[in-house]
Every structure is written in C-alpha cells, then in structure tokens.
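One structure below.
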Amino acid sequence: MVEKRLGALPVAAEFLRRLDIAGIVDKLCPGGASAYLTHGQVVEALVANRLTSPAPLVRVGDWARTWAVEEVFGIEPDLLNDDRLARALDAIAPELDRIAGTVGARAITEFGIDVSRLHWDMTSMSVHGAYPIEDQDEQYPVIGYGHPKDRRVDLKQVQTGLAVSADGGIPVHARVLGGSTAEVSQVAGAMKDLQGMAGEQKFLMVADSKLVSYANVTALLSAGVDFIAPVPAAQVKDEVYAALDRAQAQAVDWIPERDTGKPAGERETYRVLEDVHTLAGPRRRDPVHRVRRVLVHSTAVAAGQRRAREKRLARAREEMDKLASAAGGRHYKTREKTAARAQAIATKRRVTACLRWTITTDEHDTPALAWHFDQDVLNAEAAVDGWYALLTSIPTDQAGPAQILIHYKGQNTVERRYHDFKGPLAVAPVFVQHNRRVAALIQIICLALLIFCLIERQVRRALGPEQTMTGLYPDNRRVRPTGRMIFYHLSELTLRIGNVTDPPTIQITRGVQLHLLDLLDTDITQTRWPQT
C-alpha cells in the first residue's frame, strides 16, 4: 500500500482543464514530436506545484514523487527534472504576453467574469543572484535595481503588473516588467491589453496615483476608457483642502469591511465634495484637460495623520529640550553647532515648517537655545487632515461623487492579490538562471494566482449571497472562505494506492473537506489511476 499527498491537485487539474492552459501553451509553443512531455504539460505541473507545495525547480521532481502528480496528471515524476523544466521556461518566454492574454480572455468567457471594473497596480519581486546587465537578454524584462516594495534595496528586482476584476478579485491581466520600469509609463500599455481582452465591453480602470500624468490621462480619454485614480499629493495644495467645509460635504453610505460589526461611533466615515481638476500638457499647444475631482474626507485618515504628527512633535520636543539643556556645553559650544543640530532635528523629525528657535549668546559667546512650535502652522496642518482627492472621467450622470469613492475603495482587492502572490504561492525570493527564465517563472506564478482566485470565487459564489461558511476555524465561526483556507483544508487529502483487488482510495478526514469539494463541484475520483 502506497500513500501519496493528493491535496487540491484534482481541483487544480479541473481548473487547468477549463482554462485549457496546456492546449494554449502547446499551440503557441509547440514542442518536439519525440518529447515525452509537451511544454503545456510541464507548465500545468509547475502551476500545480505552486498551488500545492511551491518548490525550487530542482525539487519539483521530488514533489511529484510524494504527491499524486502521476495519478492526477499522468506525468511520471522523473520527467520533471530541472533540465526539462528549464527548457519549458525557455520555450514559453517569447510568448508570455500572448499566453497571458489568451488565458485571461479564456477565463473571462469560461467563468463569466464581469470585467466592467478592473483594478490595476504593479508590485516588485526581489531576485537572488548577480544578473549582470551584459549577460541579460534585452528582449525580456531586465532584472535591475528599482524601488522595491519589500524594501530589499540590496537585491535586484523584476516587477509585475496585475489587473484584477471587481468580480471576485480575479487577475485577468498579468505582465512581467523590468526591475527599473517606471510604473507611470505602463498605464497606457495595460489599458490597451485590457481593451483587447474586454472586447466590445466597456470597462472602468481603477489605479493608484501613478495613473495621473498628462500622457496617461490623454491616452485614456482618447481611447474612451473611464478611470479613477487618486491625485498625487503634490498636485493639490493644502490651501485647497483648508478652504473646504466638511459640514457641506455629502456623507457616503459605505462601511469598510474591517468596521463591520463595530458600533456606529467607532466606524470610519467618509464625506465627499466635487470640483474640477486641470491638467496642462508639457507644451503650450497641448490641450488642457479638465477632469472631475472628488474631494474625500476620511475620519480614519484624519486620525492617522493626527497621531503621526503628535508622534513627530513628541520626538522633536524631546530632542529639542535635550539640545536646549546641552547648548553651551562640551558638544555645542558655539552658535553654529547648536543651530546645525537644531536643523538636523527639524529635518529628521519632519517639523521644519512649524519649528521655531532662537539662539542668543552671552559675553563669553556661550549659546543659549529657546524654541517653540508655531501653533498657526500646526492649526493649518490639522485643517487638512483626512482630505485627499480622486480624479475620474466618469460623467456625473453615471456616478455621483459617493459612488466614485466606493468604486475606488475596491483597489484593496489588487493589493490583497499581491499578498497572495508573494505568500502562499511563494513568488519571492526568485532565483533562476537568465532573465528570460525569471520572466517565464513569474508568468507561471501569475497563472497559478489566476486559478487560486478562481477557486476562491467559485466557493464564495456557491455559498450564496452571504458568502460565508463554518468549519474553517477551530472555533467554528462563520467567515468568508479565502483561497488560503480552502487550499489549507484540501491539502490534507491523501491517496492510498493499492492493487487490482484493492483499488485506490481517497482519505477524507473532515467534513469541511467534503463541503469544499461539493462547493467546487469537483469529482476528485476523476484521476488517471495507474493500471496495476
């Protein structure tokens, strides 16, 4: 009797089949006629590995031996050696965009995904290795230093752009980009890709402040694609916010998910006003764009800014008091040294605007420091707490300012998917030879993320409007199932392989596993059992 991990392999295989990933890859990247495995089969195995037990390429074969890969996918584990995996990565590298676009379009039609609102963002992934520029292929995303989201400035990186549907948070668009690629320059390209996938259907593109440039807004307006994005802070002066009357702003009837169940007085509240934002081009002859601007006040943002200011002031106060006591002493004998230290404190604690000080000297040129915070400046800062602005091209008769804010609040969906991307699918750290293989591997992980999210969406839709269930946590509380919890519970499924008189059996140990399989409408007995 042989026992193997089965986990979510049958579920993954069913979703791979529905997306036709092997068929799409083999059509775009046909392999040799004598190959034991097609490139599409290898890609499916790599996707399944990322979904169940992510492993380095040199360990994928070991994973296939201990998991029921042969029984579910009909692939002999010895065929998944690192040389064969590397050849598959090399083969698909030239076609990554076409593979991603074709699979994304297939997902939209096969699963009926509503793409009328798409949230777009980019993230970075650190890579381990030298990757000298001269050794990289410029036809593929170049690995290099940039502005890493994980703050690992000691490592080079590549980047990924995702467009996630508001319907279920499905990453229907994914592209691998170079490590130093500027996010602002990718908006127009992402828009064109999404247009190709959405076909005749119009969609709303929601993004972060990198969308707001004259070139990007011009491209979106010309293409007739509506957008929502926050205005970069530097483009709205504090005087604009200070002049606003919050009492005149419209209250927004929306409660953040994290505040559900809290008393009304403890919930974050929003108010909105509306005016027009002007964008001028770099040249005088460029037409000026006048776009709707929604001015938003958030009580949670205001409270956060107030706490941050109080913390900065407290630290500056402590350090300035110490400096006042030390002025004229051994370390600060002169006016110049005292002033230099005061300026350093103001810069470090970001209180330059409100910190005031005077330095006097006695007949021995011994300095004395007196200081205070300018209350008028602090009052002016407090007056703009909680305010930020959104730009949109949606006509007023199609969505009021409150609805614009609600649409934008869905942006955390793409941020959650990046958390999944770097978490259970173990995208980071990446260490693969050649930048083309890095790009191919990350695109495979994007395919795994697509399936991960589709499985979550199907379970939630099958649960009905409330989208909650019990049995996922020991205390049996009712929660919305996440992809992580679904895969966690399915991971304990095992397969016992016997002989002709003792056929294979699946070991199901908990009722929640049966419930999830029922919600996924997957018959896990439909596997390719070996003939004995």
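The values are calculated or read from the model by the stated rules, or taken from the named source; none is laboratory data. Please read these numbers as outputs of a predicted model, since none were measured by experiment. A quick note on method: Cβ atoms are made from the backbone with ideal geometry, for glycine too, and the neighbour counts reach across all protein chains shown. Calculation scope for accessible area: heavy atoms of the full protein, side chains included, ligands and nucleic acids excluded. Shrake-Rupley method; radii C 1.70, N 1.55, O 1.52, S 1.80 Å.
Below is a table of values for the structure above.
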{"read-out": "Size of segment 1-155 as Cα extents on the principal axes (Å, biggest first)", "value": "52, 41, 33"}
{"read-out": "Given (1) 221; (2) 330; (3) 148, the label whose value is volume of the Cα convex hull per residue in Å³ derived from this model", "value": "(1)"}
{"read-out": "Accessible area per residue, Å², the chain with all protein chains present, probe 1.4 Å", "value": "48 Å²"}
{"read-out": "Residues residue 318 and residue 138, FRET efficiency given R0 of 51 Å [Cβ-Cβ distance, rounded to 0.05]", "value": "0.45"}
{"read-out": "Accessible surface of segment 350-395, 1.4 Å probe, proportion on carbon and sulfur as whole %", "value": "53 percent"}
{"read-out": "Lys, Arg +1 and Asp, Glu -1 on Cβ, resulting dipole of segment 354-492 about Cα centre, debye, nearest 20", "value": "1520 debye"}
{"read-out": "Cα-based shape type of segment 169-305, given that a ≥ b ≥ c are square roots of the gyration tensor eigenvalues and the cut on a/c is 1.5", "value": "oblate"}
{"read-out": "Euclidean distance of C-alpha centroids, segment 242-315 and segment 344-372, integer Å", "value": "35 Å"}
{"read-out": "Structure-based [θ]222 nm, the chain - -39500 (n - 2.57) summed over DSSP H runs of at least 4, per residue, nearest 500", "value": "-12500 deg cm²/dmol"}
{"read-out": "Net dipole in debye of the chain [+1 Lys, Arg Cβ; -1 Asp, Glu Cβ; about Cα centre; nearest 20]", "value": "1220 debye"}
{"read-out": "Accessible area, probe 1.4 Å, largest first, for residues 288, 42", "value": "288, 42"}
{"read-out": "Length added when fully stretched, residue 248-residue 383, from 0.36 nm per residue minus Cα-Cα", "value": "47.1 nm"}
{"read-out": "Carbon and sulfur %, accessible surface of segment 67-151 computed with the full protein complex present, 1.4 Å", "value": "44 percent"}
{"read-out": "Long pairs among 210/409; 210/422; 192/237; 27/192; 27/202; 192/409, criterion Cα-Cα beyond 26 Å", "value": "192/237; 27/202"}
{"read-out": "Normalised convex hull volume, segment 272-394, alpha-carbon set, Å³ per residue", "value": "150 Å³"}
{"read-out": "Among beta bridges that DSSP assigns inside the chain, antiparallel share in %, nearest 5", "value": "85 percent"}
{"read-out": "Among 102, 369, 392 - extreme Cα towards positive end, dipole of the chain, charges at beta-carbon", "value": "369"}
{"read-out": "Cα gyration tensor shape for segment 344-433, rounded if a/c is under 1.5, else prolate or oblate", "value": "oblate"}
{"read-out": "Distance histogram for segment 402-495 (every C-alpha pair counted, 5 angstrom bins, percent rounded to whole numbers)", "value": "3, 11, 16, 18, 19, 14, 10, 6, 3, 1, 0"}
{"read-out": "Note, ³J(HN,Hα) from phi for segment 258-263, Karplus 6.51, -1.76, 1.60, rounded to Hz, x at Gly and Pro", "value": "5, 9, 4, x, 7, x"}
{"read-out": "Using alpha carbons only: equivalent-ellipsoid semi-axes of segment 23-81, gyration tensor based, whole Å", "value": "20, 12, 10"}
{"read-out": "Alpha carbon convex hull of segment 77-188, projected area averaged over orientations, nm²", "value": "9.3 nm²"}
{"read-out": "Heavy-atom accessible area ranking, 1.4 Å probe, most first, across 293, 350, 461, 284", "value": "284, 350, 461, 293"}
{"read-out": "Furthest towards positive pole of dipole, 314, 331, 282, structure part segment 264-331, Cβ charges", "value": "282"}
{"read-out": "Computed accessible area, residue 44, all protein chains, 1.4 angstrom probe, square angstrom", "value": "30 Å²"}
{"read-out": "Descending semi-axes in whole angstrom, ellipsoid equivalent of segment 131-241, from the Cα gyration tensor", "value": "27, 21, 13"}
